[in-house]
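Visitor: My structure is below; once you've seen it, I'll send some questions.
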Amino acid sequence: MKRLAIILFLIPTIIWAQEPTGKEILEKIDKNMASKSTISTSKMLIHGARQTRTIEAKSWGMGDEKSFTEYLAPAREKGTKMLKLEDKLWIYSPGSDRTIQISGHMLKQSLMGSDLSYEDMMDNVKLLEDYDAGVIGSEIVNERDCWIVELQAKTAEVNYQIRKVWVDKVRYIPLKEELYAKSGKLLKRMELFDITKIGNRWYPKKIVFKDMLKKGDGTEFIIDEIEFDKEIPEYIFTKAALRK
Amino acid sequence: MIRFLFKGLLRDRNRSLLPILVVTAGVTLTVFLHCYITGILGDMIEFSAKYTSGHVKIMTRAYAENKNQVPNDLALLEVNDLISNLQKDYPTMEFVQRINFGGLLDSPDENGETKKQGIVAGIAVDLISENSKEIDRINIRKSLRKGRLPEEPNEVLISDEFADKLEVEPGGTVTLITSTMYGGMSIQNFTIAGTIEFGVQMMDRSGMIADISGIQNAMDMNNVCGEILGFLDSPNYDDIKAMNVENTFNDKYSDPNDEFSPVMTRLKNDSIMSGYFDYVDSFVGIIVTVFILAMSIVLWNTGLIGGLRRYGEVGVRLAIGEEKGHIYRSMIYEAILIGIVGSFLGTLVGLGFSYWLQEAGINVGDIMKNSKMMMPSVFRAHITTPAYYIGFIPGLFSVTLGTMLSGIGIYKRKTAQLFKELET
């Protein structure tokens with residue numbers, strides 16, 4: 001009887017010990033997805049209220065701080081380049097031969113008409129630094145068992161005060177994320193599909209973004225090719241590269 | 001009886017001339033004031049119509065629902081065909097394309113890097129077509145401060161204050177960063193043709209006027225526009241005409257089940273203007289009512305004085321045996337006749353003045369030249385249907401009421417005292 005009581009007492013403790021904390025989950029996501037550098041070609045299918053547009057681009061990225069994107073299609077966008085260095089963003093337009101720094105309210109504008117904003121693309125938020133993370137439950141998403149991690153902002157400066165992330169319990173990759181305003185209003189939803197093993201990491205080949213305040217059926221971001229940890233010449237991440 | 005009283009009016013001018021002159025003057029003022037106020041406030045409405053609302057406005061249903069956000073992604077397509085159909089359906093009206101847009105305006109330094117940048121609120125109108133009346137319609141010639149009007153699609157006007165902020169002068173280049181109607185990034189260079197002063201704080205802070213073809217090109221809106229404004233052929237907004245156009249258009253072109261089908265709203269139903277219409281109606285009503293009341297007191301007094309001045313006459317008539325009721329009634333009939341004649345003459349003169357002011361107008365351009373306001377430079381009266389009868393309210397009723405009140409004294413006079421009164 002005494003032994004049974006000890007077992008019954010220990011069961012919840014064992015189960016409790018198996019559930020990682022929010023912080024541990026975020027660290028594992030980071031470990032799975034972060035890389036020194038990425039080179040990718042991708043396309044965005046923007047399902048607007050009237051029509052669907054496809055935008056093709058090639059991107060070079062160095063950590064979270066530096067990225068360079070060149071738009072390849074359609075003809076109107078071809079040659080447009082975007083450079084992100086830390087929290088600064090420049091756009092080069094071949095039509096006007098101007099390099100423009102995007103700042104202030106423009107960062108909140110839609111990126112190429114998609115459901116993403118420039119701010120979303122910059123995504124300089126350090127989740128572990130700017131949010132308190134806690135596991136609030138688990139749920140099945142796309143037939144995968146997921147932790148639901150809720151992130152509450154520590155400061156008012158971040159764009160989304162509450163985030164909910166559904167994280168695959170085995171592969172430690174987010175399968176769904178919802179971004180909320182302070183009022184609790186759902187602003188954006190992101191769903192990740194085609195989770196593929198690339199090298200030693202799991203990576204989504206397709207992400208669907210939906211701006212909940214916008215008409216249309218969202219934006220599909222499809223990665224056609226991606227390479228990790230390749231050497232990228234430093235000159236790519238300079239303003240001079242925009243005009244080349 | 002009427003003929004008798006009318007002869008009395010003509011033959012006994014001492015008795016009737018002054019009351020008629022006072023009634024005529026009062027009614028003239030009432031009619032003129034009504035037309036003048038209606039005209040000035042109507043001019044303000046007309047100005048707003050020319051600038052933003054049109055007498056009627058066509059948008060897609062989806063655009064109309066979110067028009068405060070200026071959703072150019074929901075703009076009207078194939079507008080050239082639509083406008084040519086409209087010109088056939090409503091040949092006396094004029095239809096023009098407009099695009100409202102927002103974004104960033106960026107001025108470059110000598111290396112092409114951003115020197116200054118600011119949020120811009122712009123309006124695109126047809127500035128350069130040969131037959132376009134838009135420059136005069138929105139009165140930008142008067143508001144020009146530096147440079148000249150645009151002559152090419154890539155030339156724009158920006159507010160003087162905004163130009164100072166961006167450190168650009170006419171002839172300089174600015175880059176408009178905005179979205180195409182499909183949401184893509186649009187970065188387009190424009191030349192500053194001139195600077196203007198809007199007189200509206202928000203527009204002076206960040207306003208821009210561009211030619212519609214330049215903006216259509218920049219925003220990938222070829223043969224597309226956000227709004228089509230329609231103007232009736234009458235100089236002032238006519239709600240009944242506009243309502244007819246609205247109903248026939250919506251019956252023919254609008255489909256409630258298609259959010260991209262065009263829908264027409266008339267000026268009075270415009271969300272901003274409907275409040276102003278109510279305000280104008282109340283404002284005109286209050287001013288005219290106060291004035292009518294004031295005039296009524298004056299004319300009532302005229303009636304009273306008229307009655308008192310004839311104290312002796314009434315005494316003699318009573319002394320020779322005329323019935324009190326008969327005297328009282330005849331005085332009231334006389335007052336009515338004076339009221340009708342005075343009101344008629346006053347309305348005629350008031351309408352005459354108003355007609356002159358409606359046609360010629362008062363040019364306040366010189367007085368307002370330092371105000372830098374984008375507002376009508378000529379104020380005009382406007383003759384409306386109520387102007388034909390509004391003067392009769394103080395003119396007829398007040399004189400009659402005044403006479404009725406003063407006439408009550410007839411019944412208080414005692415026959416035994418009449419001769420004593422007459423002797424004195």
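The values are calculated or read from the model by the stated rules, or taken from the named source; none is laboratory data. These numbers come from a predicted model, not from an experiment. Backbone-built Cβ (ideal geometry, glycine too); neighbour counts: all protein chains shown.
Visitor: Of the conditions (1) within 14 Å of chain B (Cβ to nearest Cβ); (2) closer than 27 Å to B:Ala121 by Cβ; (3) crowded, with 20+ Cβ neighbours inside 10 Å, A:Asp120 clears all except one; give me its number.
Guide: It fails just one condition, (1).
Visitor: Name the single residue that is surrounded by the fewest Cβ atoms within 10 Å (Cβ to Cβ) among those in region B:119-152 being more than 30 Å from B:Asp233 (Cβ to Cβ) and out of contact with any helix residue (DSSP H, G or I) (no Cβ under 6 Å at 6 or more places or on another chain).
Guide: Filtering first and then ranking leaves B:Arg148.
Visitor: Could you please find all residues in region B:354-392 being buried (at least 17 other Cβ atoms within 10 Å of the Cβ), hydrophobic (A, V, I, L, M, F, W, C) and at pLDDT 80 or above?
Guide: Within region B:354-392, B:Leu357, B:Ala381, B:Ile383, B:Ala387, B:Ile390, B:Phe392 meet the criteria.
Visitor: Could you list, ordered by first residue, the pairs with Cβ atoms under 6 Å in which the first is in region B:70-93 and within 18 Å of B:Asn222 (Cβ to Cβ) and the second is modelled with pLDDT under 95 and of a type in the set (A, V, I, L, M), at least 6 apart or interchain?
Guide: B:Asn72/B:Met181; B:Asp73/B:Met181; B:Leu74/B:Ala62; B:Ala75/B:Met181
Visitor: Looking at region B:55-83 only, could you name the residues that are in a loop (DSSP other than H, G, I, E, B) and farther than 26 Å from B:Val120 by Cα?
Guide: B:His55, B:Glu78
Visitor: Taking the condition of being crowded, with 19+ Cβ neighbours inside 10 Å and among the basic types (Lys, Arg), how many residues in region B:326-352 meet it?
Guide: Final tally of qualifying residues: 0.
Visitor: Given (1) closer than 14 Å to A:Tyr180 by Cβ; (2) loosely packed, with under 13 Cβ neighbours inside 10 Å; (3) acidic (Asp, Glu), identify the lone condition not met by A:Glu129.
Guide: Failed condition: (1).
Visitor: Can I ask one more? Going by the structure shown, is A:Ile14 assigned to a helix (DSSP H, G or I), farther than 26 Å from A:Val208 by Cβ and either under 16 Å from the mean Cα position of the chain (by Cα) or modelled with pLDDT under 85 (or both)?
Guide: Answer is yes for this residue.
Visitor: Within the set of pairs 6+ apart or on separate chains, which have a first residue in region B:105-127 that is farther than 10 Å from B:Leu166 by Cβ, a second that is of a type in the set (Phe, Trp, Tyr), and C-beta atoms under 7 Å apart?
Guide: B:Gly122/B:Phe101; B:Ala124/B:Phe101
Visitor: For B:Ser343, which of the numbered conditions (1) of a type in the set (S, T, N, Q); (2) modelled with pLDDT of 70 or more; (3) assigned to a loop (DSSP other than H, G, I, E, B) fails to hold?
Guide: Evaluating B:Ser343 over (1) of a type in the set (S, T, N, Q); (2) modelled with pLDDT of 70 or more; (3) assigned to a loop (DSSP other than H, G, I, E, B) leaves (3) as the failure.
Visitor: When you scan region B:173-196, how many residues do you find that are part of a strand (DSSP E or B), within 7 Å of chain A (Cβ to nearest Cβ) and in contact (Cβ under 8 Å) with a residue 24 or more places away in the chain?
Guide: Going through region B:173-196 one residue at a time, the tally reaches 5.
Visitor: Here are the criteria: (1) buried (at least 16 other Cβ atoms within 10 Å of the Cβ); (2) under 17 Å from the mean Cα position of the chain (by Cα). Tell me which single one A:Thr196 does not satisfy.
Guide: Checking A:Thr196 against (1) buried (at least 16 other Cβ atoms within 10 Å of the Cβ); (2) under 17 Å from the mean Cα position of the chain (by Cα), the one that fails is (1).
Visitor: If you don't mind, there's one more thing I want to ask. Among residues belonging to region A:41-79 that are over 17 Å from the mean Cα position of the chain (by Cα) and of a type in the set (Asp, Glu), point out the one that is nearest to the other protein chains (Cβ to nearest Cβ).
Guide: Ranking the candidates gives A:Glu77 first.
Visitor: A further question follows. Out of the residues in region B:67-96 meeting the condition of being touching a Lys or Arg at 6+ places or on another chain (Cβ under 9 Å) and within 14 Å of another protein chain (Cβ to nearest Cβ), tell me which one is surrounded by the fewest Cβ atoms within 10 Å (Cβ to Cβ).
Guide: For region B:67-96, the residue satisfying everything is B:Leu77.
A quick yes/no check of all residues on (1) closer than 23 Å to B:Asn222 by Cβ; (2) away from chain A (no Cβ under 14 Å):
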residue: B:Gly103; (1), (2): yes, no
residue: B:Pro108; (1), (2): no, no
residue: B:Glu113; (1), (2): no, no
residue: B:Val120; (1), (2): yes, no
residue: B:Ile128; (1), (2): yes, yes
residue: B:Ser132; (1), (2): yes, yes
residue: B:Asn139; (1), (2): no, yes
residue: B:Lys142; (1), (2): no, yes
residue: B:Gly147; (1), (2): no, yes
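Visitor: Which numbered condition in (1) touching a residue at least 24 places away in the same chain (Cβ under 8 Å); (2) closer than 30 Å to A:Arg98 by Cα; (3) within 14 Å of chain A (Cβ to nearest Cβ) is the only one that B:Arg61 fails?
Guide: (2)
Visitor: It is to be established whether one or more residues within region A:83-92 are more than 11 Å from chain B (Cβ to nearest Cβ), touching a residue at least 60 places away in the same chain (Cβ under 8 Å), in contact with a helix residue (DSSP H, G or I) (Cβ under 7 Å, 6 or more places away or on another chain) and under 24 Å from B:Glu110 (Cβ atoms).
Guide: Yes, some residue in region A:83-92 is more than 11 Å from chain B (Cβ to nearest Cβ), touching a residue at least 60 places away in the same chain (Cβ under 8 Å), in contact with a helix residue (DSSP H, G or I) (Cβ under 7 Å, 6 or more places away or on another chain) and under 24 Å from B:Glu110 (Cβ atoms).
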